[in-house]
Amino acid sequence: MGMTTNKVFISYSGVTSKNVDLELRAAFENASNGQVKCFIAPEDLSSGEQWVTRLQTELDECSLFVLSLTKENINSPWLTYEAGMASAKGKSVLPLLINCEFEDLRGSPLRSYQGIKLSEDASRRKLALEAVRFFDFDRNVEESFSSAFLAQLCGVREKSNDAKYHHYITTLEEYIQAVSSIDITTNGKSKKGIQPSGECFLSWANKQSKGETIIFDPMPSVFRTSKYSEQEIYNQIMTECAHEFAGCMNHCETLAKMQHYGTPTRLLDITTNALAALFFACVDESGKTNNRSEGGGGLCYSVRR
């Protein structure tokens, strides 16, 4: 038997489980700073390669065997075969339930393994905490792996491609995890091929609690719609409420005070605090927060450094 390393053997069957597994590989490798390597069968098999020999080698070397299960592939002979090989070698076999329930495994030999439901917060936290025991990490990586891996799993679950299991951000904890996992640039370019000014992103929550993240170019409020005339707004306020701005030392302070009271200006509020951004994303134009608010005045800008 070969030497066990920081390697994960990931097995899939079907499009949905393949998409999840590719994201899962990135989660393992990114959270471990490259100290964990993943093998995905049959994705990583080369044309003409003796697949039985390669599978044996990878199974010998892996620390963990992950089986990605969907309603469509539960009875796949390929997955059952690989799981049997891993079990025979004494490897830890982890069924990852993507868009199915434990009850769906009734009658399957895979039911004998303790699985994880990708759609459940508690299951993902459990996986993130327990995954550390399978690997031999440097001390600095070991301390950060669980939290980093949990954040990465937010992206993994979105590949389930099933409306019933598609997850929207509904808790503050999930919001923090989602924001922490965002990486909008690759070699200076965003994942969507857009070069955002200042590397900013926009987050908001509406009354359906559907969290979203969109790459965008920052735009001060007065320029977001053609209905505003900056000069008219400024002149009207200074004519009617000049006394309110008597203490302002310069034009910038005047604009800042106007914006504080909800006036559209050319100033742009930016914060590095994701929670502050979340608050302003949930207030309406009057500055109030309530369950009916759709964040009408809450376009919140948060800089990734």
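A short reminder: the numbers here are calculations on the coordinates, not readings from a lab. What you see is a predicted model; the values in this text were computed from it and never measured. Neighbour counts are summed over all protein chains in view; Cβ atoms, including those assigned to glycine, are modelled from backbone coordinates with ideal geometry.
At a glance:
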read-out: Difference of contour (0.36 nm per residue) and Cα-Cα distance, residue 54 to residue 101; value: 13.8 nm
read-out: Subset of 18/89; 7/91; 7/89; 18/126 violating a 19 Å alpha-carbon distance limit; value: 18/89; 18/126
read-out: Cα centroid of segment 99-154 to Cα centroid of segment 223-240, whole Å; value: 54 Å
read-out: Whole-Hz ³J(HN,Hα) from phi, Karplus 6.51 cos²θ - 1.76 cosθ + 1.60, for segment 235-245, glycine and proline x; value: 5, 5, 5, 5, 6, 8, 10, 4, 5, 5, 10
read-out: Sequence-distant residues sharing a close amide H with residue 8 (under 5 Å, placed H); value: 37, 38, 39, 63
read-out: Distance in nm between pseudo-label sites at residue 224 and residue 245 (7 Å out along the Cβ direction from Cα); value: 2.1 nm
read-out: Difference of contour (0.36 nm per residue) and Cα-Cα distance, residue 126 to residue 108; value: 4.1 nm
